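Asker: Here it is: the structure, laid out below.
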Amino acid sequence: MGREGGRSSENAERVLILGAGFAGLTIATELEPLAKAGKVSVTLVDRRGTFLMGLAAQGVLTGRRGPGERVRSYADVRARHATFVHEDVTGIDTQARTVRAGSRDIPYDVLVLALGVEAAPERVPGLAEAAHNLCEVTAMVRFKAALESIDRGTVLVLISRTPFKCPPAPYEYAFLIDGILRERGVRDHVRVVVTTPEPQPLPAAGPAVGDVVRSMMAQRGIEYYPNRKPTAVDAAGRSVTYEDGPTLGYTLLAAMPPQQAPKVVRDAGLADASGFVPAALGTFETALPNVYAVGDLAALKLPNGNPHPKAGVLAEAQALTVARGIAARLGAGRPSAYTGSGVCFIEDGRGQAARLELDFLAEGGPRATFVPPSEAGLAAKDRFERDRLEKWFEG
Ligand SMILES: Cc1cc2nc3c(=O)[nH]c(=O)nc-3n(C[C@H](O)[C@H](O)[C@H](O)COP(=O)(O)OP(=O)(O)OC[C@H]3O[C@@H](n4cnc5c(N)ncnc54)[C@H](O)[C@@H]3O)c2cc1C
């Protein structure tokens, strides 16, 4: 890929995938045999020329890797018969069935919205100026340097709003911060504090998992304040005010910013009041015919009515279901039901990671199994990334 104008027969169904992240790459890879056979024309659009997993930011913070490692170019995707358009998507016209990307309009028969989320720090005044963004690799380079020079004070990990991608990530960050400060011998003088609007860690995984994560924080002396929704950050005075609790001072602030579907999607009227795109759990169809929403930008509800968590492994599973549904309609293979299951990892700041085996569609409600931290768990997190990079990219 990397080049435009992939081959396909004249009347092949045109599948247009917006976003080449976990979900977009999965669909393009899965449809590759059909694209190669000319039975479908696949176009993948992304404003970036390269892919890097979100979890890279944690590897960078720990110093396990540099910010340029495990970056893959879209010129090297295995879906060689898909057309990659390296442009910003600026308009979606579902009446005309076209998408504006750069200076061209791309027509489609099937549209897959897989643009992930964008940060909306402006929803907490002062946040953008004050906080290191826990979702950005470059921010984690700066945050690492700041953590290496702090000797006393408070490091505040702020979860601003729900939902946010990768529910374990801020807790992992707290453990990593604790580990870094201990290694430096300054932990006794630096408070590590987590605040969140959530009632408990990882609410969708149930109370037992929440209790385990709370006790991991308690063991490390990490202070935890749930049910705290920040209203503003005073960057000059270094404090955060909350809707439902006292103001908290900090020395270093790192935040999971508020998130929403990208502007182009909201401008097209595809998002609801939550800021995300409503879609049916299991088919991932939106209210519009032949328009699907998968991954972080989708507003999905679990059978118990709770919001469906956002994670790469789940975005991938949703995308697989959509891709196999498209293929089956074209007479290739069978549709595969969405399982709502996957494995997440929680690094513990001591060179290990816990495994969280999740089944959100289990009979009787979501089921989660917590496998305590181990070095094998951290190796499995590394393998999770490598396996996907190998599946999606050559070389
Ligand atoms: C620190 C951290 C750790 C994480 N760890 C894990 C983990 O261990 N396991 C896990 O499963 N998940 C993890 N995640 C979550 C995971 O990264 C996301 O859930 C996943 O990337 C969502 O996939 P997606 O395809 O919906 O969106 P994305 O992967 O975000 O892809 C969206 C793509 O759309 C493109 N795009 C957006 N807007 C436009 C536009 N207007 N025009 C063109 N292109 C555009 C973007 O450039 C991007 O490439 C982590 C996230 C973070 C931040």
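The values are calculated or read from the model by the stated rules, or taken from the named source; none is laboratory data. Bear in mind that the values here come from a model prediction, so they are computed numbers and not experimental data. Note that each Cβ is placed from the backbone with ideal geometry, even for glycine, and that neighbours are counted across all protein chains shown. Heads up: the accessible areas ignore ligands, DNA and RNA and are worked out on the full protein's heavy atoms, side chains in. Shrake-Rupley method; radii C 1.70, N 1.55, O 1.52, S 1.80 Å.
Asker: Is it the case that LEU134 is crowded, with 16+ Cβ neighbours inside 10 Å, away from the ligand (no atom under 12 Å from the Cβ), in contact (Cβ under 8 Å) with a residue 40 or more places away in the chain and of a type in the set (A, V, I, L, M, F, W, C)?
Answerer: no
Asker: Here's another thing I want to ask about it. Please verify whether ASN227 is more than 23 Å from ARG47 (Cβ to Cβ), of a type outside the set (Ser, Thr, Tyr), assigned to a loop (DSSP other than H, G, I, E, B) and at pLDDT 95 or above, treating the condition exactly as stated.
Answerer: So ASN227 passes the test.
Asker: Could you tell me how many of the residues in the stretch 235-278 are polar (S, T, N, Q) and under 11 Å from LEU297 (Cα atoms)?
Answerer: Within the stretch 235-278, residues that are polar (S, T, N, Q) and under 11 Å from LEU297 (Cα atoms) number 3.
Asker: Sort out which residues of the stretch 1-21 are closer than 20 Å to ALA75 by Cβ and either modelled with pLDDT of 50 or more or polar (S, T, N, Q) (or both), and write them in order of number. Before you say what the answer is, go through the steps one by one.
Answerer: In the first step, residues of the stretch 1-21 are kept if they are closer than 20 Å to ALA75 by Cβ; the result is 1-8, 16-21.
Matches in the stretch 1-21: SER8, LEU16, ILE17, LEU18, GLY19, ALA20, GLY21.
Asker: If ARG47 satisfies every condition in (1) within 10 Å of the ligand (Cβ to nearest atom); (2) open to solvent by 50 Å² or more (accessible area, probe 1.4 Å); (3) in contact with a Phe, Trp or Tyr (Cβ under 9 Å, 6 or more places away or on another chain); (4) not polar (S, T, N, Q) but one, which is the exception?
Answerer: (3)
Asker: When the stretch 51-64 is examined, which residues are found to be surrounded by 15 or more Cβ atoms within 10 Å (Cβ to Cβ) and either more than 18 Å from the chain's Cα centre (by Cα) or of a type outside the set (A, V, I, L, M, F, W, C) (or both)?
Answerer: Result: GLY54, GLN58, GLY59, THR62.
Asker: Another question, then. Looking at this structure, is ARG70 within 29 Å of THR138 (Cα to Cα) and open to solvent by 70 Å² or more (accessible area, probe 1.4 Å)? Let's see the steps before the verdict.
Answerer: Details: within 29 Å of THR138 (Cα to Cα): yes; open to solvent by 70 Å² or more (accessible area, probe 1.4 Å): no.
Answer is no for this residue.
Asker: Sticking with this structure for a sec: Looking at the stretch 313-335, is at least one residue open to solvent by less than 10 Å² (accessible area, probe 1.4 Å), at pLDDT 95 or above and under 23 Å from ALA174 (Cα atoms)?
Answerer: no
Asker: Which of the residues that make up the stretch 270-312 are surrounded by 20 or more Cβ atoms within 10 Å (Cβ to Cβ) and among the basic types (Lys, Arg)?
Answerer: LYS310
Asker: How many residues are out of contact with any Asp or Glu (no Cβ under 8 Å at 6 or more places or on another chain), within 18 Å of GLY63 (Cβ to Cβ), open to solvent by 30 Å² or more (accessible area, probe 1.4 Å) and not in a loop (DSSP other than H, G, I, E, B) when one looks only at the stretch 179-202?
Answerer: Result for the stretch 179-202: 2.
Asker: Which residues, taken from the stretch 76-102, are open to solvent by 40 Å² or more (accessible area, probe 1.4 Å) and of a type in the set (A, V, I, L, M, F, W, C)?
Answerer: Across the stretch 76-102, the qualifying residue is only ALA96.
Asker: Here are some residues: ALA332, ALA376, ALA327. Which one is more than 14 Å from the ligand (Cβ to nearest atom), part of a loop (DSSP other than H, G, I, E, B) and of a type in the set (A, V, I, L, M, F, W, C)?
Answerer: When all the criteria are applied, what remains is ALA332.
Asker: Only one of (1) farther than 23 Å from PRO163 by Cα; (2) in contact (Cβ under 8 Å) with a residue 60 or more places away in the chain; (3) open to solvent by 10 Å² or more (accessible area, probe 1.4 Å) fails for PRO372. Which number is that?
Answerer: (2)
Asker: Right, here's the next one. Of all residues in the stretch 24-44 being within 15 Å of VAL89 (Cβ to Cβ) and in a strand (DSSP E or B), which is farthest from the ligand (Cβ to nearest atom)? Let's see the steps before the verdict.
Answerer: Residues of the stretch 24-44 within 15 Å of VAL89 (Cβ to Cβ): 24, 43-44.
Applying the additional criterion that residues be in a strand (DSSP E or B) yields 43-44.
Numbers: THR43: 12, LEU44: 10 Å.
Of everything passing the filter in the stretch 24-44, THR43 is farthest from the ligand (Cβ to nearest atom).
Asker: Out of the residues in the stretch 345-357 that are open to solvent by 20 Å² or more (accessible area, probe 1.4 Å) and within 13 Å of the ligand (Cβ to nearest atom), which is farthest from GLN219 (Cα to Cα)?
Answerer: The extreme case among them is GLU357.
Asker: Considering the stretch 13-33 alone, what residues qualify as being farther than 18 Å from VAL313 by Cα and open to solvent by 20 Å² or more (accessible area, probe 1.4 Å)?
Answerer: GLU13, ARG14, GLU32, PRO33
Asker: Might you let me know whether the stretch 103-116 holds any residue that is open to solvent by 20 Å² or more (accessible area, probe 1.4 Å), in contact (Cβ under 8 Å) with a residue 12 or more places away in the chain, acidic (Asp, Glu) and closer than 17 Å to PHE393 by Cα?
Answerer: Checked the stretch 103-116: no residue is open to solvent by 20 Å² or more (accessible area, probe 1.4 Å), in contact (Cβ under 8 Å) with a residue 12 or more places away in the chain, acidic (Asp, Glu) and closer than 17 Å to PHE393 by Cα.
Asker: When the residues of the stretch 146-170 are filtered to those that are assigned to a helix (DSSP H, G or I) and hydrophobic (A, V, I, L, M, F, W, C), which remaining residue is farthest from PRO203 (Cα to Cα)?
Answerer: Within the stretch 146-170, the match that is farthest from PRO203 (Cα to Cα) is ALA146.
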